[in-house]
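Notes follow once the structure below has been shown.
Every number in this text was worked out from the coordinates using simple rules, so none of it is lab data. Note that this is a predicted model, so its numbers are computed, not measured. Neighbour counts are summed over all protein chains in view; Cβ atoms, including those assigned to glycine, are modelled from backbone coordinates with ideal geometry.
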């Protein structure tokens with residue numbers, strides 16, 4: 001690997017044989033052998049470049065990555081120099097400091113939240129359902145949901161004709177018969193009359209073109225039968241919820257849990273900031289000599 005890095009360095013020196021000089025006299029010093037690029041008083045050395053190139057990648061990839069890094073480094077230095085003369089750097093420094101503060105506060109709050117027993121207590125089923133009932137009109141489907149039966153069978157399956165008759169039956173005994181006696185030659189059998197499935201998951205299994213509006217198609221095609229490539233695809237849709245419908249509770253649960261956890265987190269953040277502030281006041285760590293409006 002050392003040999004590869006050495007070759008890479010020599011190649012880069014050849015590629016960048018002219019050292020970029022800005023705001024300097026352009027003179028090389030005797031101890032500048034490790035410098036690949038100089039812009040004013042900023043330099044990029046071989047050691048800095050080596051630290052940025054992952055070990056174990058192919059030689060050509062290393063060279064390409066190194067050239068990209070050097071180009072980006074040059075552009076950053078040049079743009080920073082020009083920009084510093086045209087924009088308010090004090091304001092930039094303030095934004096950087098604010099961003100740093102936000103990162104520190106977010107990370108500390110995350111750590112405290114994750115280790116707080118109350119924060120990580122399970123949301124009760126009652127609280128989830130109350131939240132759903134209160135906000136149900138917010139939870140709208142962006143694509144259809146269906147319930148039903150999906151089957152993929154070989155065209156020469158020995159009991160295909162019987163299978164076609166049974167899969168559209170509403171009688172549970174017929175469904176049980178499918179599972180027990182007619183699955184020879186069946187590649188895929190999925191019973192989901194008891195749960196909602198996103199239409200896109202089923203559509204991906206069936207070689208059909210339904211046009212731009214799956215809702216319109218599904219309203220008029222509750223049974224689908226397609227043969228292609230030596231296989232027959234059967235779909236019976238027992239229930240349909242079109243796009244824009246209110247999500248069923250069981251479908252909305254993951255969204256509700258995420259929302260309620262975020263709400264907990266926001267409340268925890270507010271209380272944590274207040275606790276830190278109050279503790280500092282009560283301990284005398286802070287001396288306030290102005291009206292805080294509290």
Members of the range 50-86 found to be surrounded by 16 or more Cβ atoms within 10 Å (Cβ to Cβ), free of Cβ contacts under 8 Å to residues at least 40 places away in the same chain and in contact with a helix residue (DSSP H, G or I) (Cβ under 6 Å, 6 or more places away or on another chain), listed by number: 69
Breaking point among (1) closer than 24 Å to residue 102 by Cα; (2) part of a loop (DSSP other than H, G, I, E, B); (3) in contact (Cβ under 8 Å) with a residue 12 or more places away in the chain, for residue 288: (3)
Output yes when any residue across the range 234-246 is under 33 Å from the mean Cα position of the chain (by Cα) and closer than 23 Å to residue 156 by Cα, and no when none is. yes
I'd like to verify a number: residues in the range 36-45 that are closer than 16 Å to residue 68 by Cα and buried (at least 18 other Cβ atoms within 10 Å of the Cβ), how many? 3
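Please tell me if residue 289 is out of contact with any helix residue (DSSP H, G or I) (no Cβ under 7 Å at 6 or more places or on another chain) and over 25 Å from residue 111 (Cβ atoms).
yes
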Residue list for the range 136-172, filter: touching a residue at least 12 places away in the same chain (Cβ under 8 Å) and part of a helix (DSSP H, G or I): 136, 137, 160, 162, 163, 164, 166
